[in-house]
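Reviewing the structure listed below.
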Amino acid sequence: MAYPDHLEALNKAFSGIGVDENSLISIVANSNHEHKKSFRKGCSKLFIEDQNGFERMDQSIIKNLKLEFKRFRDAVVLSLLHPWERDARLIEKAMKKGQKHYDVIVEIACTRSSNELLGARKAYHSLFHHSVEEHLATHVKGCERKLLVALVSAYRYEGPKVNEDVVKSEAEILSNAIKNADKRKPIEDEDTIMILATRSKPHLKAVYEHYNKICDKSLTEDLEAEGILKDTVECLCTPETYFTRILDAGLSVDGDEESKRAVTRVIVTQREALVKEGYAPNKIQGILTGHYKDFILGSLAREEMNKPL
Amino acid sequence: MATLTVPSTVPSLSQDCEQLRKAFEGWGTNEGLIIEILGHRNAEQRKLIRQTYAEAYGEDLLKRLDKELSNDFERVVLLWTLDPPERDAFLANEATKRWTSSNQVLMEIACTRSANQLLHARQAYHARYKKSLEEDVAHHTTGDFRKLLLPLVSAYRYEGDEVNMTLAKSEAKLLQEKISHKAYNDDDLIKVLATRSKAQINATLNHYKNEYGNDMNKDLKADLKDEFLALLRATVKCLTCPERYFEKVLRLAINKRGTDEGALTRVVTTRAEVDLRIIADEYQRRNSVPLDRAIDKDTHGDYEKMLLALAGHVEA
């Protein structure tokens, strides 16, 4: 028997972000031996002909499938965890994974409120029996260390008061640090770190505006080559831009695994802000699939938030 | 162990407030009454007194005290009456101002308070000064001092007893290397002091002594005139044996020609409810004179009486 429809449906169930669990149940669960053989022969993307006379599943596909099946689980767990535990675990994981993942640490340290970040530090004590600062200071060996430790240690003032003179002088300081980038990396510049790690967010937003006035480009543009320093400024001064960028990257067809994971993280942790800004789930419809898609869409459903339990 | 003594039956809040009010009435102030009441109430009680006083008389008790009292007596009463987190925020803020700046006080607050006490101080700082403590420390200290102080005031140390002996060994080795190369402001050295738990630091220093012969602080005495080194040594002391640190502060304050009232007031008010008993024992051990006798000889008047009350002195 030919099962072209089923074959197509099976392929579809495995494409996109997440897996279409319902389709898989209806197609695979009650497939007999013959059906499955024909799937294997017909699905050259997933199976290759082995010299010993059987259709072997591609190793990288096995790995990818594992990740795709896990997406729903990860989204649920992340959603259920207390925000403090969630952020503490995200930081610890990112730290262990290494330099390419430091942007996650920046994201958490810079987009949470002072008390949320504090809570994460407390949870970190309970979960890992060390302070987050010690672990960062030990595991991060490169030039990012000072900045990361300073960012997670911050307990920023949250009021609106801003001193215009200080704003102006600090915009100048940042501008100079960037101009001297060839002599000394801005990410290692003490004054730059100090400004970004201790000043309040309203203050930093004002610095961002002022920088734009005195220089041709915006602060984030001028920091394009400076790795997580750019992420720091983006998260502190223009978080909406940062999150939009992350979501776009993760929801694109050729996004890598980290970008896709970021989608779960951002949607779960920024849920309220996203709903308030009316983040359009259009992109999500086409790219996500299965329970994962339903969960994400459900998280963003506006009406749900106000319904009494 | 605290030295503060609170009577076994404490008058009601309204009684305390009434008495305080009476102490302010008329010409002059009844300082003795103020000492008798405020000098024998703990932090929780003082907080409630302030609240009740404000409700009953429509003014902040601290403002009234500020109007009525003066000089050293005023400072000791005001500092004492403040809630510990507010007091720490006040002292820290003072320490960042130009004329009263003190790296030592900043380090002392950052290192001798528990992780949560330091946190509460930082919160009180927001409320009172509309800025973060880190900003002010960052912008009013420079160079190596800033490098050390900023992480110290930002720390939220783990408070458990667990110690990793392998880590203690490797960090003792690191410290010894840096110190022998006179790299006192080294990032890794500062990292150990600013992020590790107190238990871990203790273990590291014990290992240092076992392995290299000297107490680390002894090896940090390479240049007695270097202020940064002095701060580093004081940091180590505060983290590992605060009673000895405070004993020294008191000793220097009392022995100084004329007395350093600022330091004396600060130590007594900040430790009376914490460990002034242990510090006083250390003081007696080291100087062969009981602390209250030394205070008695060196200070006088109402200022002296308040200090003695807080130090648990009982009139013979």
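Brief remarks on what is shown
- Longest site-free stretch - chain B; sites: trypsin sites (Lys or Arg not before Pro), DSSP loop, at most 11 other Cβ within 10 Å: B:98-224
- Top of A:LEU136, A:LEU127, A:LEU148 by mean-square fluctuation, Gaussian network on chain A, Cα under 10 Å: A:LEU127
- The phi torsions of the range B:193-204, fed into the Karplus equation with coefficients 6.51, -1.76 and 1.60 and a -60° offset, translate into couplings of 5, 8, 10, 5, 5, 4, 4, 5, 4, 4, 4, 4 Hz, rounded to whole numbers, with Gly and Pro shown as x.
- Candidates per chymotrypsin sites (Phe, Trp or Tyr not before Pro) in the range B:1-98, loop by DSSP, up to 14 other Cβ within 10 Å: B:TRP27
- Spatial extent of the range B:242-311: Rg and Dmax, with the Cα atoms as the point set, Å: 10.6, 29
- Cys with no candidate disulfide partner in chain B (beta-carbon separation under 4.7 Å rule): B:CYS17, B:CYS241
- Computed on the range A:23-87, the Cα convex hull volume stands at 112 Å³ per residue.
- Exposed loop sites here mean trypsin sites (Lys or Arg not before Pro) with a DSSP loop assignment and at most 16 other beta-carbon atoms within 10 Å; chain A contains its longest site-free run at A:46-140.
- Across the range A:186-198, rounded Karplus estimates of 3J(HN,Hα) from the backbone phi angles (6.51 cos²θ - 1.76 cosθ + 1.60, θ = phi - 60°) give x, 5, 9, 6, 4, 5, 4, 4, 4, 5, 5, 8, 10 Hz, Gly and Pro being marked x.
- Unit Cα scatterers, Debye sum, the range B:118-216: log10 I(q)/I(0) for q = 0.11, 0.17, 0.24 Å⁻¹: -0.41, -0.82, -1.19
- Residue of A:PRO83, A:PRO186, A:PRO160 that the Gaussian network model of chain A assigns the largest fluctuation, springs spanning Cα pairs under 10 Å: A:PRO160
- Inter-label distance for A:GLU209 and B:ARG293, nm, one decimal - labels placed 7 Å from Cα along Cα-to-Cβ: 6.6 nm
- Dimensions of chain A based on its C-alpha atoms, expressed as ranges along the principal axes with the largest first, amount to 79, 52, 44 Å.
- In range of the label at A:ASP191: residues from the range A:153-183 whose backbone nitrogen is under 19 Å from the point 7 Å along Cα→Cβ: A:163-183
- Computed P(r) (all Cα pairs; the protein assembly as shown; 10 Å bins; percent): 3, 14, 20, 20, 17, 12, 7, 4, 2, 1, 0
- Isotropic mean projected area of the C-alpha convex hull, the range A:82-154 (nm²): 4.0 nm²
- Rounded to the nearest 10 degrees, the angle from helix A:4-13 to the longest Cα principal axis of chain A is 20 degrees.
- In the distance distribution for chain B, Cα-Cα pairs more than 37 Å apart total 20 percent.
- In this entry, the range A:194-309 is assigned a mean projected area of 9.5 nm², taken as a quarter of its C-alpha convex hull surface.
- Principal axis analysis of the Cα atoms in the range A:114-168 yields extents of 41, 27, 9 Å, listed in decreasing size.
- Those GluC sites (Glu not before Pro) in the range A:216-309 that DSSP places in a loop and that have at most 16 other beta carbons within 10 Å: A:GLU224, A:GLU277
- Listed by chain and number, the lysines whose C-alpha is less than 16 Å from the C-alpha of B:LYS225, apart from same-chain residues fewer than 8 away, are B:LYS182.
- The Rg/Rh ratio for the range B:165-240, using Cα coordinates for both the radius of gyration and the Kirkwood hydrodynamic radius, is 0.92.
- For GluC sites (Glu not before Pro), the sites in the range B:52-83 that DSSP calls loop and that have at most 15 other Cβ atoms within 10 Å are B:GLU59.
- For A:ILE27, the solvent-accessible surface computed with a 1.4 Å probe is close to 10 Å², ligands and nucleic acids excluded.
- Angle between chain A longest axis and helix A:59-80 axis [Cα atoms, degrees, rounded to 10]: 60 degrees
- Table column - 3J(HN,Hα) (Hz), the range B:59-70, Karplus curve with 6.51, -1.76, 1.60, x for Gly and Pro: 9, 6, 3, 5, 5, 5, 4, 4, 6, 7, 9, 8
- Cysteines (scope chain A) whose Cβ has no counterpart Cys Cβ under 4.7 Å: A:CYS43, A:CYS143, A:CYS215, A:CYS237
- Between B and A, roughly 2500 Å² of accessible area is buried in total, ligands, DNA and RNA not counted and the probe set to 1.4 Å.
- Partner aspartates and glutamates for B:LYS256 [C-alpha distance under 12 Å; skip if fewer than 8 residues away on the same chain]: B:ASP298
- Percent RCO, i.e. relative contact order, over chain A, from Cα pairs under 8 Å lying at least 6 residues apart: 20 percent
- Positive-end residue of A:LEU81, A:CYS235, A:SER26, charge dipole of the protein assembly as shown with Cβ unit charges: A:SER26
- Here the Debye sum runs over all C-alpha atoms of the range B:13-69 as equal scatterers in vacuum, and log10 of I(q)/I(0) at q = 0.19, 0.25, 0.29 Å⁻¹ comes out as -0.59, -1.08, -1.43.
- The spacing between the range B:247-287 and the range A:106-133, judged by their C-alpha centroids, is 36 Å.
- Average partner coverage of A:68-77, which counts Cβ from other chains inside 10 Å: 0
- Within the accessible surface of the range B:1-143, defined with a 1.4 Å probe on protein heavy atoms only, the carbon and sulfur portion equals 50 percent.
- More than 17 Å apart - percent of Cα-Cα pairs taken over the range A:4-57: 37 percent
The values are calculated or read from the model by the stated rules, or taken from the named source; none is laboratory data. All of these numbers come straight from a predicted model, not from anything done at the bench. Because the Cβ atoms are built from the backbone with ideal geometry, glycine has one as well, and the counts that use them run over all protein chains shown. In case anyone asks, the SASA skips ligands and DNA or RNA and just uses the protein heavy atoms, side chains included. Shrake-Rupley method; radii C 1.70, N 1.55, O 1.52, S 1.80 Å.
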